[in-house]
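**Student:** Before we start, here is the structure in question, set down as structure tokens.
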Amino acid sequence: MEQIYDLIVLGAGPAGLAAGLYGARAGLSTLILEKGAPGGQAAQTDRVENYPGAMLEDETGDTLTARMLAQAEAFGAQKGTDEIRSLELAGEDKSLTGATGTYRARTVILATGASPRKLGCPGEETFTGQGLSYCATCDGAFFRGLEVFVVGGGDSAVEEALFLTRFARKVTIIHRRDQLRAVKSLQDKAFANEKMDFIWDSVVESLAGQDVLQTICLRNVKTGELREITADAADGMMGLFVFVGLDPNSGFLEGTLPLEKGYIKTDENMHTAIPGVFAAGDIRVKNLRQIITAAADGAIAAMEAERYLAERG
Ligand code: NAP
């Protein structure tokens with residue numbers, strides 16, 4: 001007979017992995033479903049400086065989240081790979097249907113996180129993988145000795161720009177305002193780094209090149225002036241890394257749950273509007289999106305799922 005899990009966790013980023021750990025450790029039969037590689041956005045981060053106790057030698061977001069998964073599995077959580085496309089969440093038994101199967105559970109924790117936002121300018125798709133990237137950890141090493149540009153002014157942009165200085169000859173942040181949004185400690189490091197430069201009040205208008213990215217056209221948002229940056233002839237190409245915020249991974253939830261700008265509304269104990277359905281991590285309406293807050297959400301959600309099940313006997 002088809003198994004009905006006590007708990008299905010959707011998403012294997014820090015929120016989902018913490019939920020899986022707490023659920024399994026509480027004795028719930030727990031399935032963590034993830035459509036791609038585990039670890040979420042954290043796995044694409046090189047340095048994790050602000051997760052308490054995370055600074056093992058050579059620790060990266062990838063190794064940290066791999067340890068989180070191993071820990072959840074050690075307590076009996078199962079890990080499955082599928083992309084859920086439709087959900088029936090209203091009844092006592094919840095049903096989730098993906099590309100390769102249907103999964104049933106008495107409680108569900110939605111922890112599908114958020115993905116990098118696109119620029120939406122001409123050339124973006126053409127040059128993705130041909131000079132343009134959304135992941136410095138994945139692609140930074142391809143740009144050894146080259147000139148690299150980073151779009152955005154938040155924590156991700158500044159943190160990843162600093163990481164890229166390990167490979168690139170020069171790293172220039174292009175930001176749409178005249179001051180960064182990133183936390184001050186990152187700003188201080190960026191301003192002190194000799195390889196870093198800044199172009200203020202500017203947005204990317206379009207991208208061009210022969211097979212690879214060779215020209216970035218910028219528009220000054222204050223003056224309207226257009227300016228072209230062209231790759232050195234000797235280099236033949238330049239890098240462009242985009243970190244302009246996140247979009248929630250909630251398209252598959254449309255019509256199932258009330259969303260606010262695509263994010264799931266919960267109470268402080270991670271309850272959504274549907275009994276037995278909880279949300280955790282970046283997918284939630286919240287102020288601080290960090291590994292530590294995601295993990296905390298996951299723990300709370302799993303304990304609330306356990307309580308919900310205990311009340312129903
Ligand atoms: P973010 O904080 O939302 O910053 C996005 C940046 O991109 C902002 O500077 C924004 O400009 C700019 N931007 C937005 N749309 C743009 C567009 N169309 N064109 C050009 N620029 C655009 O996003 P994030 O840096 O990805 O961070 C997401 C969350 O993860 C945040 O909560 C952040 O604190 C967290 N995070 C934390 C760490 C850490 O703690 N170590 C590391 C990475 C991320 P404006 O400033 O003008 O709005």
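The values are calculated or read from the model by the stated rules, or taken from the named source; none is laboratory data. Predicted model only: the values in this text are computed from it and were never measured. So basically every Cβ, Gly included, is an ideal-geometry build from the backbone, and we count neighbours across all protein chains shown. Each accessible area value is taken on the protein alone, full model and side chains, heavy atoms only, with ligands, DNA and RNA left out. Shrake-Rupley method; radii C 1.70, N 1.55, O 1.52, S 1.80 Å.
**Student:** Just to check, using Stokes-Einstein with a Kirkwood Rh over alpha carbon pairs, what's the diffusion coefficient of the stretch 178-313 at 10 °C and 1.306 mPa s in µm²/s?
**Tutor:** 83 µm²/s
**Student:** Where both partners of a DSSP beta bridge lie in the chain, what percent of those bridges are antiparallel, to the nearest 5?
**Tutor:** 40 percent
**Student:** No other cysteine beta carbon under 4.7 Å away is the test; run it over the chain and list who passes.
**Tutor:** Cysteines of the chain left without a disulfide-compatible partner: Cys121, Cys217.
**Student:** Add +1 for every Lys or Arg and -1 for every Asp or Glu among the other residues with Cβ under 14 Å from the Cβ of Gly113, and state the total.
**Tutor:** Local charge sum for Gly113: 0.
**Student:** So what's Rg/Rh here for the stretch 177-242, counting alpha carbon atoms and using the Kirkwood radius for Rh?
**Tutor:** Reported Rg/Rh, Kirkwood definition of Rh: 1.02.
**Student:** Let me ask you something else. If I fit a long axis through the Cα atoms of helix 14-25 and take the longest principal axis of the Cα atoms of the chain, what angle between them do I get, 0 to 90°, rounded to 10?
**Tutor:** 20 degrees
**Student:** If I model the stretch 272-313 as equal point scatterers sitting on the Cα atoms and use the Debye formula, what is log10 I(q)/I(0) at q = 0.18, 0.21 Å⁻¹?
**Tutor:** Computed log10 I(q)/I(0) values: -0.52, -0.66.
**Student:** In whole Å, what is the distance between the alpha-carbon centres of the stretch 5-45 and the stretch 196-226?
**Tutor:** Value for the Cα centre distance between the two parts: 40 Å.
**Student:** Report in % the part of the accessible area of the stretch 162-238 that belongs to carbon and sulfur, leaving out ligands and nucleic acids; probe 1.4 Å. Can you show the working numbers first?
**Tutor:** Values: 2010 of 4420 Å².
It is 45 percent, rounded to a whole number.
**Student:** Let me ask something else. Below 8 Å between Cα atoms, with a sequence gap of 6+, how large is the relative contact order for the chain in percent? Spell out each step's value before the answer.
**Tutor:** Working: 726 pairs, mean separation 67.9, N = 313.
Relative contact order comes out at 22 percent.
**Student:** So, one more: In a shell of Cβ-Cβ distance under 14 Å around Gln71, excluding Gln71 itself, what net charge do Lys and Arg (+1) and Asp and Glu (-1) give?
**Tutor:** +2
**Student:** Please work out the average accessible area per residue across the stretch 40-163, using the 1.4 Å probe convention, and give it in Å².
**Tutor:** 47 Å²
**Student:** Of the heavy-atom accessible surface of the stretch 1-129 (probe 1.4 angstrom), what whole percent is carbon and sulfur?
**Tutor:** 48 percent
**Student:** What number do you get for the chain when its Cα radius of gyration is normalised by 2.2 N^0.38 Å, N = residues?
**Tutor:** 1.09
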